[in-house]
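> The following block contains the structure, expressed as structure tokens.
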Amino acid sequence: MYEVLIVGAGISGMRLAQLLQQRGTHYCLIDARFRLGGRIVSQSMAEGVQPESGHHRYDLGPSWVWPNQPRINQLARQLGIKLYPQYDQGTLVYQDQFGSIDTTINAAPMSGSLRVQGGQQSIIDRLSTKLEAERVWLNHTVRSITQAEAGVSVKCATSCGTKTILAQRIVLAVPPRLVAKSISFFPKLKPEQTQVMGDIPTWMAGQSKFTAVYSKPFWRDHGLSGDGVSRIGPLSEIHDASPENESRGALFGFFGWPVQQRQVPEKKLIEQAITQLRQMFGPEAAHPLQVSLQDWAADPLTATAADVEQKVQPQCGSLTELDHLWQGRIMFSSAETAKGFSGLVEGALEAAEKVFNDLIVYGVNH
């Protein structure tokens, strides 16, 4: 019988686990994936060499941190992780709906933002060292939550079969829409409660990111910032993702095409993205050292059908209708449930902080 079971080992669930561990709470953190981090994942472009050896990783999920976000800035300092400014020197490349290119626009859309040295997964890696390994279980997919006399009974699917976990309280640190779609509750939740969860879109679920790595950031030599905007795509928004020391150059972009239009072989999408980069940034862009493509809409642990069909990304909000569910036995902690920075990494930390304070009020390990 755990005091708190946390479902979802993204940054919100991991931060909550760290806070509970510091307080001495008997907790368990589980995740359906085989890795930690959730929607935070960074890929090494140095053939598996780790960033501790001086090599950089490129973010396939969240990319930026802002100076006005206190929690993520403080956490980075506590973990000894450096943040560095997004490169913003030079002009933006604009491609209109007819394919014409303009390289004279003096604009820097992400100026003032910060990037994480080694990629945002560095935060996940450092956080993982703060958690007791025996309290973290991967490959545990929650199928049902049953109200019990002393708390909740949670059934999970694992590679070894079904496992039941008992806890006084459960914190769902996963997108609410995924909860509504994939977890059964006994007794059943009220229809309006399920509807509330289903109405909140999962942040990034419809996004697809493409990264191309080069031997150097050659566009800077031509007075370009690496920022780009295109009206024809496939990439609608492009930015410089190079490491601070310029040991490599990197451009990454968001696919502007809807999910249905992206339903072509990955190789073809990559070819089209490289062709576009060549058109916008010159012939050197046609020969990247390595590329990566992360389509979050194709990840069943991130996106649901409702997210894929979403035409516009609305603002997320607090699930006030689900506060104190089952007399506080069920709580929610994800970027989507934050009030101040909903949908961002800072929001995920904000949600973890709120749940931690609520658990103290409920008398967990009091």
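The values are calculated or read from the model by the stated rules, or taken from the named source; none is laboratory data. Values in this document were obtained by computation on a predicted structure and should not be read as measured data. Cβ atoms come from the backbone with ideal geometry, glycine included; neighbour counts cover every protein chain shown. These accessible areas exclude ligands, DNA and RNA; they are computed on the full protein's heavy atoms, side chains included. Shrake-Rupley method; radii C 1.70, N 1.55, O 1.52, S 1.80 Å.
> Keeping all protein chains in place, calculate the accessible area per residue for the chain (probe 1.4 angstrom), answer in Å².
Here the per-residue accessible area is 44 Å².
> Probe 1.4 Å, all protein chains in place: accessible area of Trp257 in Å², nearest 10?
50 Å²
> How long are the semi-axes of the equivalent ellipsoid of the stretch 42-198, defined as square roots of 5 times the Cα gyration tensor eigenvalues? Whole Å, largest first. Don't skip to the answer; put the middle values down first.
Values: eigenvalues 328, 108, 51 Å².
For the stretch 42-198, the semi-axes come out at 41, 23, 16 Å.
> Now a separate question. Quantify, in whole percent, the carbon and sulfur part of the accessible surface of the chain (1.4 Å probe; protein heavy atoms only).
With neighbouring chains kept in place, the figure for the chain is 51 percent.
> Can you tell which of Leu127, Pro85, Gly347 lies farthest toward the positive end of the dipole of the chain, using +1 and -1 charges on the Cβ of basic and acidic side chains (Lys, Arg; Asp, Glu)?
So the residue we want is Leu127.
> Sticking with this one: Given Lys82/Lys209; Lys163/Lys188; Lys163/Lys354; Lys130/Lys216, which pairs have Cα atoms separated by over 26 Å?
Lys163/Lys354; Lys130/Lys216
> Select one label from [x] 62, 44, 42; [y] 91, 58, 34; [z] 67, 40, 39: the one whose number is Cα extents along the principal axes in Å as derived from the coordinates shown.
For Cα extents along the principal axes in Å, the calculated option is [z].
> Express the relative contact order of the stretch 228-332 as a whole percentage, based on alpha carbon pairs under 8 Å and six or more residues apart in sequence.
The normalised contact order for the stretch 228-332 reaches 16 percent.
> Under a 5 Å amide H to amide H cut-off, with H placed in plane at 1.01 Å, what residues pair with Ser113 once short-range neighbours are removed?
Those lying under 5 Å, H to H, from Ser113 are Gln86.
> Now for a different question. With +1 on the Cβ of every Lys and Arg and -1 on the Cβ of every Asp and Glu, and nothing else charged, how large is the dipole of the chain about its Cα centre, in debye rounded to the nearest 20?
On the way: 34 positive and 34 negative charges, 164 e Å.
In total the dipole reaches around 780 debye.
> Using the Cα centre of the stretch 194-237 as the reference point, and only Cβ charges (+1 on K/R, -1 on D/E), how large is the resulting charge dipole? Debye, rounded to the nearest 20.
180 debye
> Residue-wise, which Karplus ³J(HN,Hα) couplings in Hz belong to the stretch 322-329, taking 6.51 cos²θ - 1.76 cosθ + 1.60, θ = phi - 60°, and x for glycine or proline?
10, 4, 6, 4, 6, 6, x, 6
> For Cα pairs less than 8 Å apart in space and 6+ apart in sequence, what is the mean separation divided by the residue count of the chain, i.e. the relative contact order in percent?
Relative contact order for the chain comes out at 20 percent.
> Here is a further query. Compute the angle between helix 345-361 and the longest alpha-carbon principal axis of the chain, please, reported from 0 to 90 degrees and rounded to the nearest 10.
So the inclination is approximately 10 degrees.
> With a 1.4 Å probe and all protein chains kept in place, how do Arg220, Arg71 rank by accessible area, largest first?
Output order, biggest surface exposure first: Arg71, Arg220.
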